[in-house]
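Visitor: Okay, handing you the structure first.
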Amino acid sequence: MAGNGKFINITYPFKESKRGFFVELMHLILTRKGERLYMPDFGTDLLKYIFEPNDSKTLGDIRLDITETVKKYMPNLQVNDVVVEQMKNNEHVASIKIDYTVTDGVFQETDFVIIQL
């Protein structure tokens, strides 16, 4: 649920997928802004960074985009850290690791997801 109480089709609590990451968080991060009907601000702009230089400014912009989007649309998920770095074996690929804690009253769980862009 978003901070304003509107339903945004992300189930809670999260359920693990067969691949080991939380589908709902991935849904939010990999949805392009403007792609969701009636919610033009839902999602991130990660795909726009694909052809940008793989430098510290671009990596910082990716980090900020993810952090602000998660904060807005998943208030029960606290982003502890977002590490965006160039892959060591491929200079054209960025690795994004999102460390987060899910909180809901007494329930609390810490985990992470890794995305390659």
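The values are calculated or read from the model by the stated rules, or taken from the named source; none is laboratory data. Fair warning: this is a prediction, and the values are worked out from it, not measured in the lab. Neighbour counts are summed over all protein chains in view; Cβ atoms, including those assigned to glycine, are modelled from backbone coordinates with ideal geometry. Note: areas computed on protein heavy atoms with side chains; ligands, DNA, RNA excluded. Shrake-Rupley method; radii C 1.70, N 1.55, O 1.52, S 1.80 Å.
Visitor: From the set of residues in region 104-117 that are assigned to a strand (DSSP E or B) and within 18 Å of the chain's Cα centre (by Cα), which is nearest to Val23 (Cα to Cα)?
Guide: Val113
Visitor: Residue by residue through region 49-59, note down the ones that are surrounded by 14 or more Cβ atoms within 10 Å (Cβ to Cβ) and out of contact with any Phe, Trp or Tyr (no Cβ under 8 Å at 6 or more places or on another chain).
Guide: Selection gives Tyr49, Asn54, Leu59.
Visitor: Output the residues belonging to region 43-59 that are without any contact (Cβ under 8 Å) to a residue 12 or more places away in the chain and of a type in the set (Gly, Ala, Ser).
Guide: Matches in region 43-59: Ser56 only.
Visitor: Condition first: within 19 Å of Glu52 (Cβ to Cβ) and modelled with pLDDT under 85. Can you find one or more residues in region 78-87 that meet it?
Guide: Scanning region 78-87, I find at least one residue that is within 19 Å of Glu52 (Cβ to Cβ) and modelled with pLDDT under 85, so the answer is yes.
Every residue, every condition in (1) open to solvent by less than 70 Å² (accessible area, probe 1.4 Å); (2) touching an Asp or Glu at 6+ places or on another chain (Cβ under 9 Å); (3) without any contact (Cβ under 8 Å) to a residue 24 or more places away in the chain; (4) part of a loop (DSSP other than H, G, I, E, B), yes or no:
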| site | (1), (2), (3), (4) |
| --- | --- |
| Asp61 | yes, yes, yes, no |
| Ile66 | yes, no, no, no |
| Thr69 | yes, yes, no, no |
| Val83 | yes, yes, yes, no |
| Asn89 | no, no, yes, yes |
| Ile96 | yes, yes, no, no |
| Val102 | yes, yes, no, no |
